[in-house]
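Heads up, the thing below is written out as structure tokens.
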Amino acid sequence: MVKAVFAAFAERDFERVLDLVDPEVEFATVTSDYAGHTEPYRGHEGIREYFRDVALVWDDLRLSPSDFRQIGDSILVTGRVSARSPARIVEGSTGWVFRVNDGRVIYGRVYPSARDAERAVMGDGAL
């Protein structure tokens with residue numbers, strides 16, 4: 001399920017992402033900070049807003065997940081991110097934490113590093 005979300009995002013297949021996430025999904029991202037969005041994106045409308053923010057903030061955003069591990073009720077994904085805009089370049093490790101229920105993603109959070117995501121899932125940080 002989570003791999004399918006990454007694939008749909010890579011293709012910018014907005015409709016497919018909506019099919020994979022719960023209508024009440026909560027999604028917190030680093031992009032939201034740059035877009036001035038102070039709260040997590042919520043629901044399908046929030047995912048629509050997230051895609052708009054990605055287009056506004058980044059000229060190019062590439063996610064390269066490499067490791068998927070289920071830990072308790074969470075799925076920890078670690079990998080790399082490459083993002084470019086006229087104002088900034090971001091490249092390096094990153095981590096994501098997801099929760100899935102009834103075949104749909106109900107929660108997602110992007111962390112500024114793989115280590116931060118690992119700490120959150122292992123209990124050393126807040127999810």
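The values are calculated or read from the model by the stated rules, or taken from the named source; none is laboratory data. Nothing here was measured: the structure is a model prediction, and the numbers come from that model. Here the Cβ is made from the backbone with ideal geometry for all residues, glycine too, and neighbour counts use every protein chain on show. These accessible areas exclude ligands, DNA and RNA; they are computed on the full protein's heavy atoms, side chains included. Shrake-Rupley method; radii C 1.70, N 1.55, O 1.52, S 1.80 Å.
In table form, for the structure just shown:
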| item | result |
| --- | --- |
| Any chance F9 is buried (at least 18 other Cβ atoms within 10 Å of the Cβ) and part of a helix (DSSP H, G or I) | yes |
| Failed item in (1) touching a strand residue (DSSP E or B) at 6+ places or on another chain (Cβ under 7 Å); (2) within 23 Å of V90 (Cβ to Cβ); (3) assigned to a helix (DSSP H, G or I), with H44 passing the rest | (2) |
| Filtered residues of segment 111-120 (kept if open to solvent by 60 Å² or more (accessible area, probe 1.4 Å) and either under 12 Å from the mean Cα position of the chain (by Cα) or within 18 Å of F9 (Cβ to Cβ) (or both)) | P112 |
| Selected residue [open to solvent by less than 70 Å² (accessible area, probe 1.4 Å) and modelled with pLDDT of 95 or more] from G123, G108 | G108 |
| Options R52, R62: the member that is without any contact (Cβ under 8 Å) to a residue 40 or more places away in the chain and surrounded by fewer than 14 Cβ atoms within 10 Å (Cβ to Cβ) | R52 |
| All positions within segment 76-121 that are touching a Gly at 6+ places or on another chain (Cβ under 6 Å) and over 21 Å from P40 (Cα atoms) | none |
| Any pair with Cβ under 6 angstrom, 6 or more apart, that starts in segment 90-104 at a residue that is modelled with pLDDT of 95 or more and open to solvent by 50 Å² or more (accessible area, probe 1.4 Å) and ends at one that is of a type outside the set (S, T, N, Q) and part of a strand (DSSP E or B) | R99/I106; R99/Y107; R104/V21; R104/D22 |
| Residue list for segment 14-34, restricted to those being open to solvent by 40 Å² or more (accessible area, probe 1.4 Å) and outside any strand (DSSP E or B) | F14, E15, R16, D19, V30, D33, Y34 |
| Filter pass, T78 being surrounded by 18 or more Cβ atoms within 10 Å (Cβ to Cβ), in contact (Cβ under 8 Å) with a residue 40 or more places away in the chain and under 19 Å from A8 (Cβ atoms) | no |
| A87 vs. criteria over 16 Å from V17 (Cβ atoms) and among the small types (G, A, S) | yes |
